[in-house]
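For reference, the structure discussed in these notes is given below.
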Amino acid sequence: MIESRERTLLIRDARVYDHDGDIHDPPIRDILVVGSRIASVTAPGEHMEAKGVATETIEARGKLIIPGFVNAHYHSYDVLAKGLLEDMPFDVWALHSQPAYFDKRTKDEIGIRTLLGALECLRNGITSVQDMNSLVPQDEETLDTILAAYDEIGIRVVFSIALRDIAALDIAPFLPADMPESAMAIVRGAPKDTKEEVAFVERQIKRLDPLSPRVAWGLSPSGPQRSSRALLEGVADLAKRLELPVFTHVYETKAQTAKARAMYGDHGGSIIRHLADVGLLSPRTTIAHGVWLRPDEIALMAEHGSGIAHNPISNLKLKSGVASMASALRAGVNVALGCDNCSCGDCQSMFQAMKMYCLLAAVTDANPTGVHAREAMRAATIGGARALKLDGEIGAIRAGMKADLVLIDLDDIAYQPLNSAARQLVFSETGRGVETVIVDGEIVMRERRVTTVDEAALREDLAALMPAFRRDFARVAKANAPVIPYLLAANERLKGHDVGLDRFVCGGTVLHTRRLMGHRKAVPCCETRPPTPLIGISAPIPATRGLRAGVRSGRSRRARRKQRRHAHRRRAAESGWHRDHDRGRDRR
C-alpha cells in the first residue's frame, strides 16, 4: 500500500507506448508514479485504491505517453554556434568549432550554453543526454559550472570529459609537406600530458562523489586515433575499476579511416581491433558515428557487446558519409541515436534523427532493410539507455523503471488521422506535439512551459553575451582561414584513395554494376574492396580481402565505359527519354 505522505503522480486515460505491444494503436492506460519511479501501468478501472492517494493528477485523454528520448551523443560546448556554419567537411568545421581554438569562456557563458542546450533537448522530448564535453580549460570551475546547470534544469545526463594526447586534426597526415609552418602549427595543436589527462578525471570523480541522482559519469577518449595507447589503457583501467560506460569517436570520416589503416597495421588497419587489444571493446563501450566500419568490425563489435551511437544528421552535414546501420542491426549490435553538436546538427531533435535513420537505409539498399519506425523508436529510447548503461532504468514504460516520460498531444495535425503512433512519431512529428515532460518523476515541462528555469531571463542573458561570442567566433575563423585551402586539398586527394569500402554515393548512383564470376550483378558501392596505397602517410596500408580482389574483368576501362554508354542510350531510347548533354538536362 502506498502511504499518502509519499509524492505521487497519477497520469490518467492516456495512450501508452509499449515497445512490445501495439505500437500503432496503443491502449489507454493509467500510470502511477511514486517518487522517481513508475509504480504501475494499469487499465483505467484497476487499482483504484492505490490511485486514490495521488497527490497530483494529470488528465491525459487525447495524449500519447512515450518513454523519454535518450540523446546518446551530444556536445554542449558549442551550443551558441548554432546556425553559424554550413557546407564544410569535418576538419574544416573543426577549425571553427573546437574549444581549443577559443579563449577561456566566462562562467556565465558556460552556464547559459549548458542550460540552453538542455532546454532544447527537453522541449523535443529528450530526457537524457550523454554530454561528451571537451573541457577547455580542464579545470574544476568549468566542470562545476556545467554540472550545476544540468542539475538546475533537471535533465538526466551522463557526463564525460573528452580526453586526447594527440592534438592534431585527423586529416594532418595527408597535408602537403611544404605547408607553411604557421598553418601547420594551427593543425598540429598543443600536446597534452597523458597521465594527467586520466588523473584529472579520476580526481573529479572522487571529489564530486556523490553526484545528483540525475547525473552520472562516463569516460571518453576523444577518439582512438587521437589517443596514445597509454591513454586508452588508462581509460580502460578506470572504466573497469569504476564500472563506467565509455564513449569515443570512431570512423566518423574517411580521413580517420585512412589514418587508421596506417596507424594500426598490427591489427589489419582496424581501430576496432586496436580497441579490443587495449581492453576498450566491451559491453561498456559505445562508439560514436561508426560510418566507415567494415563488416568484420561490425561482427567483432557484436561479439564483444559494444554499441554504436548513430548521428545521421551530422554525418551528412559534415560530409562524412552514410553509415550502414542496417548491417549493424542484423549483426545484433546495439544502435542508439544522437544529435551531436549544435554547430553541425543545428538542433537537438530525436524526431529528425529517427526519420533520417529510417530513410538513409535506402541509400545503400533499394530493397526492404528492416529499419522501421519500431526500430527507430527503440534506438531513440532503449538503445540509448543501453549505451548509457541505464538499461532497466530508462527507455521504456514499465513498473519499477524511472519515470522519464513525455506526453504528446494527439490533437496536433501530425496525428490526424491517427493510423500508426510509431510511424507518425517518426515520420510526421516535428516536436510541436511535445506537451509535458517528466524526468525522474519531476514535471520539468508542463503544457509546453518549462518549470525549472526562467526562460525569459535565460533569453535576455543569452542576448547580452552573443555579440561578444560572435566577435570571438569571427576572430577564430579569420585566424584559421589560411589553413582551409590545404585541408580542402587534402580532402580532395583522399577522395581517390581506397580504404577498403566506400560510404558515399558512387558517381551519382546508389548501385553500380560489376562483373562477378562471369555474371553481371548490381552490388552496393559500399561493399568491401582492397585499399590502394595512400600518398602523404609513412606507414603502408594493409590490404583487405574484398569483392574486387581477383574478380576484375579483363576488359579495358575504356571498353567498359563504352559498353555502359551504349546500354544507357538503349534504355533511354526504349523509354522515350534522352540526355541533352550540352544543356545537362533530361527531355522527351
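Rule-based calculations on the coordinates, nothing more; no lab input. Just so we're clear, the structure is a prediction, and the values are computed from it rather than from any experiment. Glycine also receives a Cβ, built like all others from the backbone with ideal geometry; neighbour counts cover every protein chain displayed.
Give me the extension gain from residue 316 to residue 493: residue separation times 0.36 nm, minus the current Cα-Cα distance, reported in nm with one decimal. Please list the in-between numbers first.
On the way: separation 177, 0.36 × 177 = 63.72 nm, distance 1.99 nm.
Full extension from residue 316 to residue 493 adds 61.7 nm.
Give me the percent relative contact order of the chain, please, defined on Cα pairs under 8 angstrom at least 6 residues apart.
On the way: 1165 pairs, mean separation 103.7, N = 588.
Relative contact order comes out at 18 percent.
Determine, for 292, 93, the number of other Cβ atoms within 10 Å of each Cβ, and report the residues in order from fewest to most. Before the final figure, lay out each step's value.
On the way: 292 27, 93 21.
Ranking 292, 93 by Cβ neighbours within 10 Å, fewest first, gives 93, 292.
Over 47 Å apart: what share of the alpha carbon pairs of the chain falls there, rounded to a whole percent? Let's see the in-between values first.
Numbers: 29560 of 172578 pairs.
Distances greater than 47 Å cover 17 percent of the Cα pairs.
Could you put 88, 377 in order, starting from the residue whose Cβ has the fewest other Cβ atoms within 10 Å?
If I rank by nearby Cβ atoms, fewest first, I get 88, 377.
Distance cut-off 21 Å, Cα to Cα: go down the list 82/319; 192/254; 259/495; 107/389; 82/317 and report the pairs above it. Spell out each step's value before the answer.
Details: 82/319 18 Å; 192/254 25 Å; 259/495 14 Å; 107/389 30 Å; 82/317 13 Å.
Table pairs above 21 Å Cα-Cα are 192/254; 107/389.
Taking the highest mean first, how do the peptides 125-138, 29-42 order by number of other beta carbon atoms within 10 angstrom per residue? Provide the component values of the computation, followed by the final result.
Numbers: 125-138: 23.5, 29-42: 20.6.
For the peptides 125-138, 29-42, the packing ranking is 125-138, 29-42.
Between residue 372 and residue 207, with labels modelled 7 Å along Cα→Cβ, what's the label distance in nm to one decimal, could you check?
So the label points at residue 372 and residue 207 sit 5.1 nm apart.
Under 14 Å from the 7 Å Cα→Cβ point of residue 448, by amide nitrogen: which residues of the stretch 407-433?
Answer for the stretch 407-433: 408-414, 430-433.
Show that you can apply the helix-only estimate: for the chain, add -39,500 (n - 2.57) for every DSSP H stretch of four or more residues, divide by all residues, and state [θ] at 222 nm to the nearest 500.
The helix contribution divided over the chain gives -10500 deg cm²/dmol.
Does a label point 7 Å from the Cα of residue 229, set along Cα-to-beta-carbon, have any residues of the stretch 268-312 with amide nitrogen under 13 Å, and which are they?
Answer for this model: 274-279.
Want the number for residue 277 to residue 59: 0.36 nm per residue separation, take away the alpha-carbon distance, what's left?
Values: separation 218, 0.36 × 218 = 78.48 nm, distance 5.42 nm.
The residue 277-residue 59 span can extend by a further 73.1 nm.
What FRET efficiency comes out for residue 103 versus residue 6 if R0 is 51 angstrom and r is the Cβ-Cβ distance? Round to the nearest 0.05. Can you show the working numbers first?
Details: r = 49 Å, r/R0 = 0.97.
Efficiency at R0 = 51 Å is approximately 0.55.
Could you work out how far helix 295-304 tilts from the main Cα principal axis of the chain, as a 0 to 90 degree angle to the nearest 10?
30
Using a 7 Å offset from the Cα along the Cα-to-Cβ direction at both residue 152 and residue 475, what is the distance between the two label points in nm, to one decimal?
A separation of 2.5 nm, rounded to one decimal place.
Compute the long axis of helix 107-123 from its Cα atoms, compare it with the longest principal axis of the Cα atoms of the chain, and write down the angle in degrees, 0 to 90, nearest 10.
80
Would any residue of the stretch 300-319 have its amide N under 20 Å from a label point 7 Å out along Cα→Cβ of residue 347? List them or say none.
It comes to 310-319, nothing else.
Helix 455-480 versus the longest principal axis of the chain: what is the Cα-based angle in degrees, 0 to 90, to the nearest 10?
Helix 455-480 sits roughly 20 degrees off the main axis of the chain.
Could you give the length gained on full extension between residue 37 and residue 468, defined as 0.36 nm per residue of separation minus the Cα-Cα distance, in nm?
Numbers: separation 431, 0.36 × 431 = 155.16 nm, distance 4.33 nm.
Here the answer is 150.8 nm.
Hey, which lysines would be in cross-link range of residue 195, C-alpha to C-alpha under 19 Å, not counting anything within fewer than 8 residues on its own chain?
206, 240
Tell me, what is the percent relative contact order of the stretch 290-419, built from C-alpha pairs under 8 Å that lie six or more residues apart?
Details: 163 pairs, mean separation 25.8, N = 130.
Dividing the mean separation by the residue count of the stretch 290-419 yields 20 percent.
Can you give me the relative contact order of the stretch 69-390 as a percent, contacts being Cα pairs under 8 Å and 6 or more apart?
On the way: 605 pairs, mean separation 69.5, N = 322.
That works out to 22 percent.
Classify the stretch 69-390 as rounded, prolate or oblate, taking a ≥ b ≥ c as the square roots of the eigenvalues of its Cα gyration tensor: rounded when a/c is under 1.5, otherwise prolate if a/b is larger than b/c and oblate if not.
Working: a/c = 1.24, a/b = 1.06, b/c = 1.17.
Note, shape of the stretch 69-390 comes out rounded.
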